[in-house]
């Protein structure tokens with residue numbers, strides 16, 4: 001069974017999740033503060049600009065991070081793969097007592 | 001009722017905070033070393049050599065062990081969730097505090113859904129050891145892939161927003 005992750009899917013996920021989540025935070029915070037304090041400073045252009053910039057930066061960081069985790073970047077030369085004969089400790093499956 | 005709870009808990013605020021901060025640090029960091037230095041090198045080796053018959057058993061073993069590595073994390077998380085509201089009430093906090101609102105929005109919108117999924121995949125229906133014991137190796141492989149997808153899509157957000165909530169709680173920048 002092939003793993004279904006691809007760079008295209010990672011890019012799509014990084015962009016959509018960054019936009020959705022950061023605007024959820026912005027709108028949620030603006031709504032709560034407006035509802036509770038009547039505060040309107042979050043509706044000015046500066047907080048909106050911070051949200052847009054953070055969304056773009058996080059989408060890029062998110063995509064590159066996923067690519068690095070999934071070994072799509074780099075050669076893996078920092079590690080060597082060595083064959084060994086070994087025993088792996090496995091948890092014993094506990095069966096319920098019949099008594 | 002809330003006033004009564006607040007008055008009762010208020011003298012213990014700093015002790016509740018001690019438990020909350022200790023549990024939050026345990027929740028954030030307890031699995032990080034095993035993840036970074038044991039699981040990741042193996043998963044990357046698998047992704048570079050997806051059909052290597054010697055890597056796949058190690059991948060399976062590491063992921064099965066990781067289902068247990070997160071036990072501490074999953075004990076600490078409910079403690080954070082219980083002590084957080086206790087501090088909120090005891091400290092007389094309200095929804096007009098921006099740093100706290102942002103922190104709670106991150107916890108509710110990101111970390112609670114992630115942890116619910118993680119509980120399921122590590123200890124309940126997605127537990128790899130139990131799936132393997134059932135003998136259904138197609139389901140086992142699918143669970144393995146799903147868990148790797150989970151790590152791929154959550155790791156960046158967990159690191160960035162996890163650090164952000166610690167920053168918000170300590171520096172209170174807004």
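The values are calculated or read from the model by the stated rules, or taken from the named source; none is laboratory data. Quantities reported herein were computed from a predicted structural model and do not represent experimental measurements. Neighbour counts run over all protein chains shown; Cβ positions are idealised from the backbone, glycine included.
Numbers for the structure displayed
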{"item": "Filter result for the condition that a residue is within 19 Å of the chain's Cα centre (by Cα), surrounded by fewer than 18 Cβ atoms within 10 Å (Cβ to Cβ) and at pLDDT 95 or above, over B:34, B:23, B:62", "result": "B:34"}
{"item": "Residue check, residue B:116 surrounded by fewer than 20 Cβ atoms within 10 Å (Cβ to Cβ), within 14 Å of chain A (Cβ to nearest Cβ), within 18 Å of the chain's Cα centre (by Cα) and not in a loop (DSSP other than H, G, I, E, B)", "result": "no"}
{"item": "Positions within segment B:92-107 being within 11 Å of chain A (Cβ to nearest Cβ) and outside any helix (DSSP H, G or I), in sequence order", "result": "B:94, B:95, B:96, B:97"}
{"item": "Residue identified as surrounded by 15 or more Cβ atoms within 10 Å (Cβ to Cβ), touching a helix residue (DSSP H, G or I) at 6+ places or on another chain (Cβ under 7 Å) and more than 7 Å from chain B (Cβ to nearest Cβ) among A:40, A:55", "result": "A:55"}
{"item": "Condition met for residue B:56 (under 25 Å from residue A:13 (Cα atoms), more than 8 Å from every other protein chain (Cβ to nearest Cβ) and in a helix (DSSP H, G or I))", "result": "no"}
{"item": "Identity of the residue in segment A:15-37, at the interface with chain B (Cβ under 10 Å from one of its Cβ atoms) and in contact (Cβ under 8 Å) with a residue 40 or more places away in the chain, that ends up farthest from residue A:56 (Cα to Cα)", "result": "A:17"}
{"item": "Residue in segment A:4-14 that is surrounded by 13 or more Cβ atoms within 10 Å (Cβ to Cβ), in a helix (DSSP H, G or I), more than 10 Å from every other protein chain (Cβ to nearest Cβ) and within 18 Å of the chain's Cα centre (by Cα) present", "result": "yes"}
{"item": "Segment B:160-174, residues that are within 9 Å of chain A (Cβ to nearest Cβ) and modelled with pLDDT of 95 or more", "result": "B:160, B:161"}
{"item": "Some residue of segment A:69-83 being modelled with pLDDT of 95 or more, more than 9 Å from chain B (Cβ to nearest Cβ) and surrounded by 11 or more Cβ atoms within 10 Å (Cβ to Cβ)", "result": "no"}
{"item": "Scope segment B:125-143; condition facing another protein chain (nearest Cβ under 9 Å) and at pLDDT 95 or above; matching residues", "result": "B:138, B:141, B:142"}
{"item": "From the options B:40, B:110, residue that is at the interface with chain A (Cβ under 10 Å from one of its Cβ atoms), within 12 Å of the chain's Cα centre (by Cα) and closer than 22 Å to residue B:150 by Cβ", "result": "B:110"}
